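*Asks:* Provided herewith is a single structure, encoded as structure tokens, for subsequent inquiry.
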Amino acid sequence: MSGPRQLAGIALFAAAVACVPLVTASGATLNFVMMALYATLIAQAWNILGGFGGQFSFGHALFFGSGAYIQAIAQLQGGLNAWVALGLAVIGAAVVGLFIGGLSFRYGLKGSYFALVTLAFAEVFRIVALSVPFTGGGVGLMLPLREAPSNLQFATRAGYLWVVLAFVVAALLVTWWLRNGRFGAWLQAVRDNEDAARAVGVNPFRVKLGAIGISAAFMGAAGAFYVQVFQYIDPGIAYGSSTSVEALVGAIVGGVGTLWGPVLGAVVLHLLADLTRNLFGELPGINMVIYGTVLVLIVIFLPRGIAGLGLSVRQLWASAKGGPRG
Amino acid sequence: MFDSSILFSSVLNGLTTGAVYALIALGLTLIYGVLHIINFAHGASLMLALYAVYFLKERWGIDPYLALPIVIPGMFALGYGLQRLVINRAGHGKDENILLVTLGIAIVMENLALLFFKSDTRNIDTAYALSTVAIGPAMIAVPKLVAFAGALVVSALLFWVMGRTDLGRAIRAVAKEKEGAKLMGIDVDHVYAMSFGIGLACLGAAACFLLPAYYVNPQVGGGFVLVAFTIVVLGGMGSFVGALIGGFLVGIVESLGGLYLGESLGQIGIFAIFIGVVLFRPQGMFGAKA
Amino acid sequence: MAEPLLVLNGISRSFGGLKAVQGVSLSVAEGSLSALIGPNGAGKTTLFALMSGFLKPDTGTVRFAGQDITGREPHRNALLGMTRTFQIVKPFAAQTVRENIAVGVHLHERSRGAALRRADEVAQRVGLAAQLDKPASDLTVAGRKRLELARALATEPRLLLLDEVLAGLNPQEIAEMMPVVRGIADGGVTVLMIEHVMQAVMNLAEHVWVLAQGQLIAEGSPAEVTSNDKVVEAYLGHGTAARLRKAAAAKGVNA
């Protein structure tokens, strides 16, 4: 089993990326890496429920937005410290996840129905956020500038980079645990054949609920992070479809159900978006056109994603080496 | 709280919108019933059709109702092509893939529209746009009445095609028993593409009826998708009658919801129906129990 | 006398107007290897689903290991010691043979490493050792049947419900599989199998129940049951038993 090797890989990754702010002071580079990590985080979060759990959510922004609003409201109206707010945001998003999951899985929702229901809930939350005063309505909420690490606001992108890196590494470790532990084995069994899993003692409801809770928690962290970096949140950003789409496409393109898939997918998409911006400037919608096109192409030609390509190459290599009966 | 004439007016408005919703939902039902796929791109496709109707009017002065013979075949061709060339290739035997592909198509459509047409909301001015007709105590805008009648006519046409033509029989055969239909010499891929094409053609018709009383911007697709799905699950996946009745019901709920709660919050009524039906009665009113 | 391991009492289940299972009562003794046979559509798989919790009975009770488990979820019954396989095999296609079996082991084993090692052992028992690293989707029908069996075995069941584990196998594969089933039963696991392959029923089963049109029409040893008129008629049609006897008698006269 490549378990321990994967752990080493994660450690290496963490160390390498952590060093980036130490070797460069370029704001553009730091920003790029930070946003790439952010894209990775949401893809990883989606991957936990979608890739490992097999439940495709089309409204994952639901948890992102909840975390973001909790982060903002806890500070603005609760007067709490940003780090405390972060804890609340993660927990709050997880609670939303458990609620949605509890309802959906209790009633046996799967496949398209589940995808649609998550979308519907995201829309409901968006409309509520638009109409309710304490979310600032359509105007949104702004976080006042109070730069200090104790306040989760940093002078340069470096600090933010380290924070989001910590989340990404945490997500990698959780994903590793899903690949190499009993809970993950149960989760993937339910994904691959729910009845067969039930017959050998797996409780599908509990397992799916666990997955959505963890997935939502990471999305909540991403939402809170977003608020700290951009110091602004509104219903469209919080619950709109672009976050849901980014998370989903990043995971699918990279390869669902794998450890490094979301990292690969998010980075590739982010590079693509950056390239496009350099070539064509800031065109509204061009990013999403690319994401949508890439999604369609990947599903048609490379359904196991980029990581799947690596797996296929490895399998070909192994069978070529293995001789006649492989 | 509201006096009866306002309520009556609201219900009537809901019925007229509902007829168009029903037409949209019928297309979705056809696609689901035959291909067993959830077409996420349905809303975005409607949006494209609306833009087509818009530009036909603004650039070439073609009245929306006169544009029917242009938009309907155009949308049909789009649907046929999409299914045959893109969606068909994506299956790989897993439902999730189709889901993702139609989502991808929806994203591309919506954002191409954003790219080329910008996010401004547009509507058209027609001579009859503001004229109204009195029905009882209510004043109903003429475009809405035409939409109501038109949607019913097209729906009837659809029922006729499904019930009385060879194509309709082939479609129903494939929907019921794909392998058996293949053995009878029916070109299943062609039937699939035809069904998808007809589904989108319904959207073309709906767009022609909708635009005079409504508007278009790149985001409208999203709103229509959920409404269409709500109708389809409410009516029962795969049931045409259900889609028709569901359309009217949802139209009325939306209208009344908007009356009591205001436009935004009124939309929640529809989502509540959707979530409720999916959770507690997934077969809807007329659908088969899973 | 100890209570039988599994006791069904008056189990019935209908779907709409169709009475799939009607008033079935039976008891399976611990340590036995028995079979449930009957023509297609008799309701055998439905009965398995009712026993293991995949379906809830309309009436009747199911008792297992001294507890009333009527209508309990399958995963709880697995924990108690009742595991079933499926007539149409359900492998975790994307996972390897080892990973498939390990899921079964995990019912009682927390540690991943230990589960994977134990999966290797179980694979040995059913003859899948050479395929441990292969994805389940690469296996032949016979391989998948063995995998289905291995995964169920890995849960260390007290009662193993095998649904047509020999269906779709050629004679050689059947000959190879039968000792495996025998070995499992010899190892102390109570086995109840649905089977159409009469060779297996005659050779393996100590006790046989016959289900036809949802009702239990006969039970006994394999020999008793196959010479039972009602059983013959259930498979071959009304009046066949008498016709067969007449034909045999006529032949005897002319012998």
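*Asks:* Separation between the residue A:103 and residue B:129 pseudo-spin-labels, each 7 Å from Cα along Cα→Cβ, expressed in nm?
*Replies:* Result for the modelled spin labels: 3.8 nm.
*Asks:* Same structure, new question: Skipping prolines and chain starts, which residues have an amide H placed within reach, meaning under 5 Å, of the one on residue C:55, given they are 5 or more residues away or on another chain?
*Replies:* Here the answer is C:50, since their amide H atoms fall under 5 Å of that of residue C:55.
*Asks:* Given a Förster distance of 25 angstrom, what is the FRET efficiency for residue B:3 paired with residue B:149, based on the Cβ-Cβ distance and rounded to 0.05?
*Replies:* That gives a FRET efficiency of 0.35.
*Asks:* Step through the residues of the stretch A:77-87 one at a time and calculate ³J(HN,Hα) from phi using the Karplus curve (6.51 cos²θ - 1.76 cosθ + 1.60, θ = phi - 60°), rounding each to whole Hz and writing x for Gly and Pro.
*Replies:* 9, x, x, 7, 5, 4, 5, 5, 4, 4, x
*Asks:* Taking neighbour Cβ counts within 10 Å as the exposure measure, how do A:19, B:202, B:208 sort from fewest upward?
*Replies:* By the 10 Å Cβ count, ascending: A:19, B:208, B:202.
*Asks:* How far is helix A:305-321 tilted off the main Cα axis of chain A, in degrees rounded to 10, range 0 to 90?
*Replies:* So the helix axis and the longest Cα principal axis differ by about 20 degrees.
*Asks:* Whole angstrom only: what separates the Cα centroid of the stretch C:62-134 from the Cα centroid of the stretch A:81-109?
*Replies:* 32
*Asks:* What FRET efficiency would be calculated for the residue pair residue B:62, residue A:151, taking the C-beta separation as r and a Förster radius of 45 Å, to the nearest 0.05?
*Replies:* Efficiency, from the Cβ-Cβ distance: 0.15.
*Asks:* Next up: How high is the relative contact order of chain B? Use alpha-carbon pairs under 8 Å, at least six apart in sequence, and give a whole percent.
*Replies:* With pairs under 8 Å counted, the relative contact order is 37 percent.
*Asks:* Mind sorting B:249, B:48 by how few other Cβ atoms lie within 10 Å of their own Cβ, fewest first?
*Replies:* In order of increasing Cβ crowding within 10 Å: B:249, B:48.
*Asks:* May I pose another question? What percent do you get for the relative contact order of the stretch C:106-236 when only Cα pairs under 8 Å and 6+ apart count?
*Replies:* The value is 16 percent.
*Asks:* At 222 nm, what value in deg cm²/dmol follows for the protein assembly as shown if DSSP H runs of at least 4 each add -39500 (n - 2.57) and the sum is divided by all its residues, to the nearest 500?
*Replies:* About -21000 deg cm²/dmol.
*Asks:* In chain A, which longest range has no trypsin sites (Lys or Arg not before Pro) that are both DSSP loop (not H, G, I, E or B) and surrounded by at most 13 other Cβ atoms within 10 Å?
*Replies:* A:147-324
*Asks:* Counting DSSP beta bridges with both partners in the protein assembly as shown, what percentage is antiparallel, nearest 5?
*Replies:* Rounded to the nearest five, the antiparallel share is 65 percent.
*Asks:* What list do you get for B:10, A:241, B:45 if you sort them by fewest beta carbons within 10 Å?
*Replies:* Fewest-to-most Cβ neighbours within 10 Å comes out as B:10, A:241, B:45.
*Asks:* I've got another one for you. How high is the relative contact order of the stretch C:2-139? Use alpha-carbon pairs under 8 Å, at least six apart in sequence, and give a whole percent.
*Replies:* It rounds to 19 percent for the stretch C:2-139.
*Asks:* Can you find, among A:260, A:24, B:258, the residue sitting farthest towards the positive end of the charge dipole of the protein assembly as shown, where Lys and Arg contribute +1 and Asp and Glu -1 at Cβ?
*Replies:* After comparing all options, I get A:260.
*Asks:* If you don't mind, there's one more thing I want to ask. If amide hydrogens are placed 1.01 Å from N in the peptide plane, which non-local residues have theirs closer than 5 Å to the one on residue B:62?
*Replies:* For residue B:62, the qualifying residues are B:57.
*Asks:* Efficiency by 1/(1 + (r/R0)^6): what FRET value for residue A:271 and residue B:160, r their Cβ-Cβ distance, R0 = 41 Å, to the nearest 0.05?
*Replies:* FRET efficiency, residue A:271 to residue B:160: 0.20.
*Asks:* Here is a follow-up. Using the crude model of +1 on Lys and Arg Cβ and -1 on Asp and Glu Cβ, and no other charge, please compute the dipole size for chain A relative to its Cα centre, in debye to 20.
*Replies:* Value, rounded to 20: 960 debye.
*Asks:* Pop out the ³J(HN,Hα) list for the stretch C:89-96 in order, Karplus 6.51 cos²θ - 1.76 cosθ + 1.60 with θ = phi - 60°, rounded to Hz; leave Gly and Pro as x.
*Replies:* 4, 10, x, 7, 4, 7, 9, 6
*Asks:* Among B:216, B:247, B:158, which residue has its Cα positioned farthest towards the positive end of the charge dipole of chain B, with +1 placed on the Cβ of Lys and Arg, -1 on the Cβ of Asp and Glu, and the dipole taken about the Cα centre?
*Replies:* B:158
Since every read-out is calculated from the coordinates, none of them should be taken as a lab result. Keep in mind the model is a prediction, meaning the values are calculated, not measured. Glycine also receives a Cβ, built like all others from the backbone with ideal geometry; neighbour counts cover every protein chain displayed.
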